[in-house]
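Structure record follows, encoded as structure tokens.
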Amino acid sequence: MTTEKKKKNIVVPIILGVLLVIGIIFGIVEWNYYSKHVDTDDAQIDGDISPVVARVGGYVKDINFEENTHVTEGQVLVKLDDNDYKVKLEQAQSGQKGATAGVGVAQSQIAATEANTSTAKANVAAAKVKLNLAQKDYDRYANLIKDGSITQQAFDQAKAAKESAQAAYQAAVDQYNAAVKQVGTTQSQLAVSSNVISQRQSDIDFAKLQLSYTDIKAPATGIVSKKNVQKGQLVQAGQSLFSIVNDGSIYVTANFKETQLEKIKEGSKVEIEVDAYPDEKIEGEVYNFSPITGAKGSLLPPDNATGNFVKVVQRVPVKIKIHPSKELLAKLRPGMSVKASVSTK
């Protein structure tokens, strides 16, 4: 056997040995890693997104922002034409003035009816005095007519005077009672007028509230997206205009297989790798677990009772809090794909 053939016979086993050693080392490294980690690439950046909805209808007068720009909470982003709502407020204020005038009239009527009641009461007292006098005269004439001391005509006149006094007294009493009832009625009218004032004040408050809704403000600090409004456009109450991705609300939603959940605990450390920035490593921790699987929460969840059941490993969304640098946080966007690796040590 030549020297060249001997060399070839030695090189091949060496190469195979090296490859075997590399494979063993690689297998050990991989086993060691996956024995302490649970990975998934079915994950993405998520965040709190606040939809901005018109609370009243109207034509868009001004738009004070550009899409994908940063806004602060309370900033007026859209201004609706408010002329109609100002007119409604003026109408409500006029209604309150009328109700206030009605209260003044009712108070004047109460004073007048109370004065009438006092007059009626005095008339009752005067009628009662006249009735007592007529009754006494009648009693004297009744005794005198028996022994013929007076004429029948004089007795009849006394009797007529008594009956007239009785009628006058009863009329005075009825007038007094009517005056008292009138006071009660007027007081009831005053209460109604006071309630009307409260109602008109409620109308004013509602009109002011509606007017304030013509200034559409940012509900949170963040970046505006999904702009769906233009100047001069007629918007309706309840119409979605745009959304705001809240600052500081970025987190990761990782969909782990149900067979992986046994090793994942709340508070477990997580390493995040964003596909868009693979050189940036982000630390995080498991915050909580979804109460349902992703398939069960879909629009058309599967029904295993249909007779066509095929067992499929389900995935459960897991929320992961992350702690990126300020520079990286400013670049992260909900929907970005990431890889999550949970430490199970």
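Each value in this text was obtained by applying a stated rule to the coordinates, not by laboratory testing. Keep in mind that what you see is a predicted model, and the values were worked out from it rather than measured. FYI the Cβ positions are ideal-geometry reconstructions off the backbone, even for glycines, and counts take in every protein chain you see.
Observations, loosely collected:
- Applying 1/(1 + (r/R0)^6) with r as the Cβ-Cβ distance of S202 and H323 and R0 = 56 angstrom yields a FRET efficiency of 0.70.
- Between segment 252-316 and segment 197-213, the alpha-carbon center distance in angstrom: 49
- Where labels lie 7 Å past Cα in the beta-carbon direction, separation of A160 and D62 in nm: 9.0
- Calculated FRET efficiency for the pair T72/V313, C-beta based, R₀ 41 Å, to 0.05: 0.35
- When +1 charges are put on Lys and Arg Cβ atoms and -1 charges on Asp and Glu Cβ atoms, the dipole computed for segment 203-345 relative to its Cα centre reaches about 200 debye.
- Straight-line cross-link reach from K79 at under 25 Å between alpha-carbon atoms covers these lysines, not counting any fewer than eight positions away in the same chain: K61, K88, K208, K217, K226, K227, K231.
- Among the chymotrypsin sites (Phe, Trp or Tyr not before Pro) in segment 235-335, those located in a DSSP loop and surrounded by at most 15 other Cβ atoms within 10 Å of their own Cβ are F309.
- Extension gain, L144 to E262, is 30.1 nm, computed as 0.36 nm per intervening residue step minus the present C-alpha separation.
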